[in-house]
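Here is the structure we will look at, set down as C-alpha cells.
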Amino acid sequence: MSPLFAMFLTGTLVHLSFVDYIIVAFYFALVLAIGWYLKGRANTGEDFFMAGREMTAWVAGLSFLSANLGALELMGWAGSAYQYGIMATHWYWVGAIPAMLFLALVMMPFYYISKTHSVPGYLKLRFGEPSRALSAVSFAFMTVLMSGVNMFAMAKVMQIVLGWDINFSIWVSSITVAIYVSLGGLRSAIFNEVLQFFLIWAGALLVPILGLYEAGGWTNLKLQIAERASEQYVHMWAGLGQFTSNPMGIHWTGIVFGLGAVLSMGYWTTDFLVVQRILAAKDIRSAEMAPIIGAGFKMMVPLIVILPGLLGLAVLPMKLVPESVAAATGQHSFNDVLPLMLARYCGPGLLGLGITALIAGFMSGMAGNVSAFTTVWTYDIYKPLMNNKASDQHYVSMGRWTTIVGVLISVGTAYLVMQFASIMDYVQALFSFFIAPLFGTVLLGMLWKRATGAGGFWGLLCGTLSSISMWAWVKVDPTALRYVALSPHAKALAQDMYQALWSFIVCVTVTVVVSYATKARPASELAGLVYGETEVPSVGDLPFYQKPLFWAAVVVVVFFILNIIFW
Amino acid sequence: MISIWFFIGISLLVNGALILAAGIYQLMNRPETITIQLYDLHANVWWGAILFVVGLGYCLFFRPRGSRA
C-alpha cells in the first residue's frame, strides 16, 4: 500500500458543484438511515457481533471484498500502477485469488463448523488461551490504530482534493461511523460495505471507459506507455526474471512465494477484518461461495484501479512525481492520479459520485476495523480475561460502548499521526508483522494434528519477532536489504514480500520443533478443528453449477487466461 | 426485513437521477468554459440514465414485501 500521508500540496484538485454536494450529503443520510433501521435487529450477541449468521453468499462475498477495497487501496494502487506499470496487478491476481480460493475450499469449513466468533477464537480452541491472547491483543491494538490511520488519510485526501478542513472530515466521518456501527453492529457494517462496493463501481468505472476512448484503445495505450515510460510497464511477468529488469525491482520468486504463497494467504485467510464477513454467512455453502464470489470480482478490480493509473501515464499532460518530490516542489504525486483522472472526465454529478465513492471507501474501512476490534475485544479479551460470567445482553452493551471507544481511540490516533506523520508508515509495517506468522500458525493448526499448544504459541511469537527484527535491521542498516530481500535493488514492496516469507518459515519451523518436543493433544479433542479428525460438512446434493468447487474452477481458468493475456 | 439490495437500488436511483438531471441541464446550457475532456460525449447523461434504470430495477425487484431477505 502506498502511503498518502505526505501529500502537502496547496490548492485543491477538484471543485464540487451544488449537485455534487447533494450526492455526498445523500450518502451520509443513507448510511445513517441504514444504521437506524438495523438497530432493532442487533439485540443479541449473535446479531450484533456476527450479523445473526444469516448473510447470503452474495452479501458476505461482496462485503468480504469491500472490506479490502478502501479508498487508500484505490488511490494507492492507482498511484503504484502509474509508478510501476501493470505489475501492480499482481496484488489483485496472484496476490489474492489463490488465497481466496484456499480460504473457501480448505479453511472455511473449519472456521465455520467450529462456530468461532473470530480467528483468535479458533486459536483458543486449537492451541489454547496463550495463543488466543497473543493474537487477540496484537490484532485489537493494530486494528484500532489502522482505523485511525484510515481516518487521517481520508481527512488529508479530502483537504487536498476538496479543500475541506481536516478536523471537519475527521469528526464528521468518525461520528457517522460510530452511530451506524454502534446501532446495527456487524450487519450495519456489512450493509454499508455492499453499498460502498456499488458506489465504487458506479463512481469509478467511467474513468477507464472514457480513458480508453481518449487513448484510442488498449493497443494504442500500450504504445503510448512504451513511448512515455517503458515497454516493461505493460508486462506482468515478462520482466520478472531478474531484479533489475522490471520497474519494481523484484524477482518472480518474491511475487509467487512471498506475495502469492505467504503474504496474501496470511491476509485473506487469517486477517479477522475480512474473515469476519464470511463467518456471518448463513450456511456452509454460502461460507464457501462467498470468497469465490469475492475472487471473481477481485479479478475485475484492476479495471477501475490499475487501468486509470496506466491511462494517467498516457494521457495526463503533466508528469507525476514521488511524494517526497511533490511535497518539496508542489507538483502532483503518483497518488493523485485517480482524483486527477476523475477530474479529467467527470462533470457535475459524476464528480460528486466519484468523491462519494472515495469517502465511502474510507468510512467502510474505518467501520470494518472498528467492528472487528469490537468483536475481538469483547469475545477474546474482555470475556475470557476479565468477565466470563456476564449475560449476553451485557456483552452486547459492551460491544456498543466498545464501538464508540474504538472510534474515539481512532480519532486520537488520527491526531497522533497528524503530529508525527512517520507513525503512519510504522503502523502499516507493524500490522504486516502479524499476518504471515499468524497464517503459519492457523495453517498448521488446521492441517497438522501433531501441532501442540506450546508449538502454536512459540511459533507465532518467534515468527512475529523475526519479522520485526528484519524490519528493524533494514531500518538501522539499509544495506541489510541484500540479505532480507535477496537484492540491494529491491524496493519497499519487495522487502515486504521476502520479510513475510522468512517470518512464515520461522513460524512453521519453530512450531514443528516445539510440537515434537511437547505432548500432543488426544485426537478426540481435535474433532472439528483439524483435517483427518474432522468430517468436513458437505454443501449438499446440488447440481454441479451450484457447487463451490465448480465456480472455483471457473475462477482458476479465468485467472490463468488473464495472466497469459497480460504476460 | 428490507433487503440490502433495496437500499442499493435507492442509492443508484437517486444518484442516477441527480447525475442525469445535471447532465441534461448542461446539455441545454452549455458552459462557456469546458473544464473536462470528452465533454461532447455527455457522459453524465447516459451514465446517469444507466444508474437510474438499474436502480429502478433493483427497487422494484427487491421492494419490501413479506419475508424476502
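The values are calculated or read from the model by the stated rules, or taken from the named source; none is laboratory data. Predicted, not measured: the structure shown is a model, and the values here were computed from it. A quick note on method: Cβ atoms are made from the backbone with ideal geometry, for glycine too, and the neighbour counts reach across all protein chains shown.
Return the only residue of A:Ala42, A:Ala57, A:Ala71 being touching a helix residue (DSSP H, G or I) at 6+ places or on another chain (Cβ under 8 Å), more than 14 Å from chain B (Cβ to nearest Cβ) and of a type in the set (Gly, Ala, Ser).
Working: A:Ala42 fails: more than 14 Å from chain B (Cβ to nearest Cβ); A:Ala57 fails: more than 14 Å from chain B (Cβ to nearest Cβ).
Just one listed residue meets the conditions, A:Ala71.
The conditions are (1) loosely packed, with under 14 Cβ neighbours inside 10 Å; (2) in contact (Cβ under 8 Å) with a residue 40 or more places away in the chain; (3) facing chain A (nearest Cβ under 9 Å), and B:Leu12 fails exactly one of them. Which is it?
(1)
Which is away from chain B (no Cβ under 11 Å), more than 22 Å from the chain's Cα centre (by Cα), in a helix (DSSP H, G or I) and touching a residue at least 60 places away in the same chain (Cβ under 8 Å), of A:Leu183, A:Leu223? Give the steps one after another, and end with the answer.
On the way: A:Leu223 fails: touching a residue at least 60 places away in the same chain (Cβ under 8 Å).
None of the other options fit; the residue is A:Leu183.
Can you list residue pairs whose Cβ atoms sit under 8 Å apart, with the first residue in segment B:17-46 being facing chain A (nearest Cβ under 10 Å) and the second being among the acidic types (Asp, Glu) and surrounded by 11 or more Cβ atoms within 10 Å (Cβ to Cβ)? Count only pairs 6 or more apart in sequence or on different chains.
The qualifying pairs are B:Gln37/A:Glu214; B:Leu38/A:Glu214.
Taking segment A:201-260, which residues are of a type in the set (Ser, Thr, Tyr) and either surrounded by 21 or more Cβ atoms within 10 Å (Cβ to Cβ) or touching a strand residue (DSSP E or B) at 6+ places or on another chain (Cβ under 7 Å) (or both)?
A:Tyr233 - this is the single residue of segment A:201-260 that is of a type in the set (Ser, Thr, Tyr) and either surrounded by 21 or more Cβ atoms within 10 Å (Cβ to Cβ) or touching a strand residue (DSSP E or B) at 6+ places or on another chain (Cβ under 7 Å) (or both).
Residues that are among the basic types (Lys, Arg), touching a Ser or Thr at 6+ places or on another chain (Cβ under 9 Å) and within 24 Å of A:Asp283 (Cα to Cα): list the helices (runs of 4 or more DSSP H) wholly contained in segment A:79-143 that include at least 2 such residues.
Filter on segment A:79-143 gives A:119-127.
With the requirement that a residue be of a type in the set (A, V, I, L, M, F, W, C) and farther than 13 Å from A:Pro208 by Cα, what does segment A:314-339 give you?
Scanning segment A:314-339 gives A:Leu316, A:Met318, A:Leu320, A:Val321, A:Val325, A:Ala326, A:Ala327, A:Ala328, A:Phe334.
Considering only residues that are modelled with pLDDT under 85, hydrophobic (A, V, I, L, M, F, W, C) and in a helix (DSSP H, G or I), which ones fall in segment A:226-251?
A:Phe243
From (1) over 11 Å from the mean Cα position of the chain (by Cα); (2) at the interface with another protein chain (Cβ under 10 Å from one of its Cβ atoms), pick out the condition that doesn't hold for B:Cys59.
(2)
Quickly run through segment A:370-399 and pick out the residues that are without any contact (Cβ under 8 Å) to a residue 12 or more places away in the chain and not polar (S, T, N, Q).
Matches in segment A:370-399: A:Met386, A:Lys389, A:Ala390, A:His394.
Between residues in segment A:331-352 that are more than 11 Å from chain B (Cβ to nearest Cβ) and residues that are β-branched (Val, Ile, Thr) and part of a helix (DSSP H, G or I), which pairs lie under 7 Å by C-beta distance while being six or more apart or on different chains?
A:Gln331/A:Val325; A:Pro339/A:Val161
Per-residue answers, yes or no, for (1) crowded, with 24+ Cβ neighbours inside 10 Å; (2) hydroxyl-bearing (Ser, Thr, Tyr); (3) at pLDDT below 85:
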{"residue": "A:Ser63", "(1), (2), (3)": "yes, yes, no"}
{"residue": "A:Ala71", "(1), (2), (3)": "yes, no, yes"}
{"residue": "A:Ala81", "(1), (2), (3)": "yes, no, no"}
{"residue": "A:Ile86", "(1), (2), (3)": "no, no, no"}
{"residue": "A:Leu103", "(1), (2), (3)": "yes, no, no"}
{"residue": "A:His117", "(1), (2), (3)": "no, no, yes"}
{"residue": "A:Arg132", "(1), (2), (3)": "yes, no, no"}
{"residue": "A:Ser138", "(1), (2), (3)": "no, yes, no"}
